[in-house]
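The values are calculated or read from the model by the stated rules, or taken from the named source; none is laboratory data. Note that the coordinates shown come from a computational prediction; the quantities given were computed from them, not determined experimentally. Glycine gets a Cβ as well: all are built from the backbone with ideal geometry, and neighbour counts include every protein chain shown. Only protein heavy atoms, including side chains, enter the accessible area calculation; ligands, DNA and RNA are left aside. Shrake-Rupley method; radii C 1.70, N 1.55, O 1.52, S 1.80 Å.
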Amino acid sequence: MDNVIIPEIKDTRDKGQKEYAQDVLNVFGNFRRTGARVGISPEQSLMNFLMKHIDGICAHVKGYESQREPVQGRIKDAMVYLSLLWGMVEKDKEHI
């Protein structure tokens with residue numbers, strides 16, 4: 001299973017980096033910009049994006065099947081957001 005999921009997660013993250021972060025040196029750029037616009041932290045911004053996917057996953061688990069994308073896409077996106085949150089936590093540990 002790892003030989004399928006992990007490469008897909010990496011591919012999605014890499015594509016998202018180009019589209020959303022808009023900066024190869026700042027993987028959290030999108031969350032910083034979005035958070036600043038609405039007055040929340042980058043972590044809170046990331047959680048808002050993540051929760052959209054969690055909500056779709058929960059709907060699927062409850063039997064709702066009419067979604068714009070397969071649930072696997074939402075699961076993959078959630079895993080990407082969680083890996084980015086991991087990176088934020090690790091970056092914060094560097095400043096302690």
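Annotations
- For region 58-96, the tally of residues that are without any contact (Cβ under 8 Å) to a residue 60 or more places away in the chain and either of a type in the set (A, V, I, L, M) or not in a helix (DSSP H, G or I) (or both) stands at 19.
- Yes/no for SER83 being open to solvent by 40 Å² or more (accessible area, probe 1.4 Å), small (Gly, Ala, Ser) and closer than 20 Å to ILE5 by Cβ: yes
- Any chance SER45 is hydroxyl-bearing (Ser, Thr, Tyr) and either under 15 Å from THR12 (Cβ atoms) or surrounded by fewer than 17 Cβ atoms within 10 Å (Cβ to Cβ) (or both): no
- If only residues of region 50-80 that are of a type in the set (Gly, Ala, Ser) and surrounded by 14 or more Cβ atoms within 10 Å (Cβ to Cβ) are counted, the one that is farthest from ARG13 (Cα to Cα) is ALA59.
- ALA36 part of a helix (DSSP H, G or I), surrounded by 15 or more Cβ atoms within 10 Å (Cβ to Cβ) and either at pLDDT 90 or above or among the hydroxyl-bearing types (Ser, Thr, Tyr) (or both): no
- Residue within region 38-57 that is closer than 18 Å to ILE5 by Cα and in contact (Cβ under 8 Å) with a residue 40 or more places away in the chain present: no
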